[in-house]
Structure formats: structure tokens, C-alpha cells
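Participant: Input: one structure, supplied below.
The values are calculated or read from the model by the stated rules, or taken from the named source; none is laboratory data. Computed from a prediction, not measured in an experiment: that's the story for all the values here. Here the Cβ positions follow ideal geometry from the backbone for every residue, glycine too, while neighbour counts run over all protein chains shown.
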Amino acid sequence: MKKIEAIIKPFKLEEVKKALSDIGIVGMTISEVKGFGRQKGHKEHYRGAEYAIEFVPKIKLEIAVSGSDEEKVVAALMAAAKTGSIGDGKIFVSSLDEVVRIRTGEMGESAL
């Protein structure tokens, strides 16, 4: 089992959600987060004054999948979230030792 975390631009969320739905992913957790990478934020102008935005708003998706679905989920995320410009985000894949569905007590892949 794998946990896939993706940090994407907020306006790409609906496109990413549709791409994941199209390949059969039925559950995910989404959080609004802020951060920066190599771009180190950006500058904006407000009423003639320039100020720096150090932490850029992003969306974090967390998806738990069986190991066999990992590659197609990563491919769908890459295709749907890519704009080709700086700040498109990152995808992190890690192993899950155990998953438990609280309602039924199911464990392992059956809990996904």
C-alpha cells in the first residue's frame, strides 16, 4: 500500500480531481497549505506599494492506494497538475504499513 501526497496549484484542483476520478480513485484528503520552493514566493502590488508574499497558497492532496495503482495515480497527477511553469508542485510517494477502517475494523488493502 502507498500514500501519495501531492502539492499542486489551487486552480488545478478540479482538473486533478476529475483525472483521479477517471482512473477509479474514490477517496482523497485535501488541505489548503502554504509554502515555497525554489521560487521563494513572489511580489505583489497593493495600492501602489510592493510587498513580498513569502508563502504561496497551495493545495495538498493525500491519497492511499494499493501498490499496483501507484504508477497510474502518479501519472494522472502529473498530467492534470502540470502547467509547465515554476511552482507546479511535487508528488511524494511513501509506503503504508497498515490501514484500518474505523467503522468496520477492516485492515490492509480492504480498508482502502
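Participant: Going by what's in this entry, would Val99 be described as more than 27 Å from Lys9 (Cβ to Cβ), surrounded by 11 or more Cβ atoms within 10 Å (Cβ to Cβ) and touching a residue at least 12 places away in the same chain (Cβ under 8 Å)? Quick ask: steps written out before the conclusion?
Facilitator: Details: more than 27 Å from Lys9 (Cβ to Cβ): yes; surrounded by 11 or more Cβ atoms within 10 Å (Cβ to Cβ): yes; touching a residue at least 12 places away in the same chain (Cβ under 8 Å): yes.
Considered against the rule, which asks whether it is more than 27 Å from Lys9 (Cβ to Cβ), surrounded by 11 or more Cβ atoms within 10 Å (Cβ to Cβ) and touching a residue at least 12 places away in the same chain (Cβ under 8 Å), Val99 comes out as yes.
Participant: Separate question: If only one of Glu5, Glu50, Glu32, Glu15 is out of contact with any Cys (no Cβ under 6 Å at 6 or more places or on another chain) and assigned to a helix (DSSP H, G or I), which one is it? So that I can check it myself, show each step before the final result.
Facilitator: Numbers: Glu5 fails: assigned to a helix (DSSP H, G or I); Glu50 fails: assigned to a helix (DSSP H, G or I); Glu32 fails: assigned to a helix (DSSP H, G or I).
After applying the criteria, what remains is Glu15.
Participant: Which count do you get for residues in the range 61-96 that are outside any helix (DSSP H, G or I), under 19 Å from Glu14 (Cβ atoms) and either of a type in the set (A, V, I, L, M, F, W, C) or free of Cβ contacts under 8 Å to residues at least 60 places away in the same chain (or both)? Spell out how you get there, then give the answer.
Facilitator: Filtering the range 61-96 for residues outside any helix (DSSP H, G or I) gives 61-66, 82-96.
Cutting the leftovers down to under 19 Å from Glu14 (Cβ atoms) gives us 61-63, 82-85, 87-89, 91.
Next, only the ones that are either of a type in the set (A, V, I, L, M, F, W, C) or free of Cβ contacts under 8 Å to residues at least 60 places away in the same chain (or both) stay: 61-63, 82, 84-85, 91.
Selection size over the range 61-96: 7.
Participant: Working only within the range 14-31, note down all residues that are within 19 Å of Ile86 (Cα to Cα) and either free of Cβ contacts under 8 Å to residues at least 24 places away in the same chain or surrounded by fewer than 16 Cβ atoms within 10 Å (Cβ to Cβ) (or both). Steps first, answer last, please.
Facilitator: Taking the range 14-31 as the starting set, the residues that turn out to be within 19 Å of Ile86 (Cα to Cα) are 15-16.
The one that is within 19 Å of Ile86 (Cα to Cα) and either free of Cβ contacts under 8 Å to residues at least 24 places away in the same chain or surrounded by fewer than 16 Cβ atoms within 10 Å (Cβ to Cβ) (or both): Glu15.
Participant: Go through the range 32-84 and count every residue that is modelled with pLDDT under 90, surrounded by 11 or more Cβ atoms within 10 Å (Cβ to Cβ) and basic (Lys, Arg).
Facilitator: 0
Participant: Further question: Scan (1) closer than 20 Å to Leu13 by Cβ; (2) polar (S, T, N, Q); (3) free of Cβ contacts under 8 Å to residues at least 12 places away in the same chain for the single condition Ser110 breaks and write down its number.
Facilitator: (1) is the only condition that Ser110 fails.
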